[in-house]
Amino acid sequence: MLVTYNLPTKNENHAEDALLTAIEIQKTLATQLFKATYSMLTRIGINTDKVFAGTIGGKDRLNYIVHGDAVNIAARLENLNKHYDTSILISKATKLLISQTLKNELQLIPMGKL
């Protein structure tokens, strides 16, 4: 799943909203069973930067899509969760936009460089 937080409308708190949503997704999945037996584990990568966004396709198959290095970095962060045995990784660009209060509350831990 790909989620954007500053498109198509402006959101001044997009970095914090993305991180808080990721945490909420992980909390919900940790307590939810599917078909009464199966849990769903997921990894989330969050990055903040400029992207190209818009609609693509014809009138029968029109999709909203984002492209760019920022999207690729978020995908790489998602995959790096395997290496670090984590479930959410954020980029330095995202971390810089998160308030100090939230950083202290969440106790963000540096994991390395991408």
Completion exercise
Percent antiparallel among DSSP beta bridges confined to region 1-105, nearest 5, equals 75 percent
Completion exercise
With residue 104 itself left out, Lys, Arg at +1 and Asp, Glu at -1 over residues whose Cβ is under 15 Å from its Cβ give 0
Completion exercise
Amide H proximity to residue 88 below 5 Å, modelled H, separation 5+ or other chain, gives 44
Exercise for the section: Please give every one of the aspartates and glutamates within straight-line cross-link reach of residue 95, meaning a C-alpha to C-alpha distance under 17 Å, and leave out same-chain neighbours fewer than 8 residues apart. Expected result: 12, 16, 17, 49, 78, 105
Completion exercise
The answer for residue 48, listing residues at least 5 apart or on another chain whose modeled amide H is closer than 5 Å to its amide H, is 91, 93, 94
Fill in the blank from the handout: Measuring from its Cα centre, region 60-114 shows a charge dipole (+1 at each Lys and Arg Cβ, -1 at each Asp and Glu Cβ) which, in debye to the nearest 20, is 180 debye
Practice task
Go through region 55-68 residue by residue and turn each phi into a ³J(HN,Hα) via Karplus (6.51, -1.76, 1.60, θ = phi - 60°); whole Hz please, and just put x for glycine and proline.
Solution key: 9, 9, x, x, 5, 8, 9, 9, 10, 8, 9, 10, 9, x
Problem - Electrostatic dipole magnitude of the chain [Cβ: Lys, Arg +1; Asp, Glu -1; Cα centre; debye, to 20] - result: 240 debye
Fill in the blank from the handout: So for R0 = 22 Å, FRET eff. of residue 17-residue 92 from the Cβ-Cβ r, to 0.05, ends up at 0.75
Handout entry: Charge dipole of the chain about the Cα centre (unit charges at C-beta), most positive-ward option of 108, 93, 75
Key = 75
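Values quoted throughout were computed directly from the atomic coordinates according to the rules given, and no laboratory measurement underlies them. Note that the coordinates shown come from a computational prediction; the quantities given were computed from them, not determined experimentally. In this analysis, Cβ positions are derived from the backbone assuming ideal geometry, glycine residues included, and neighbour counts consider all displayed protein chains.
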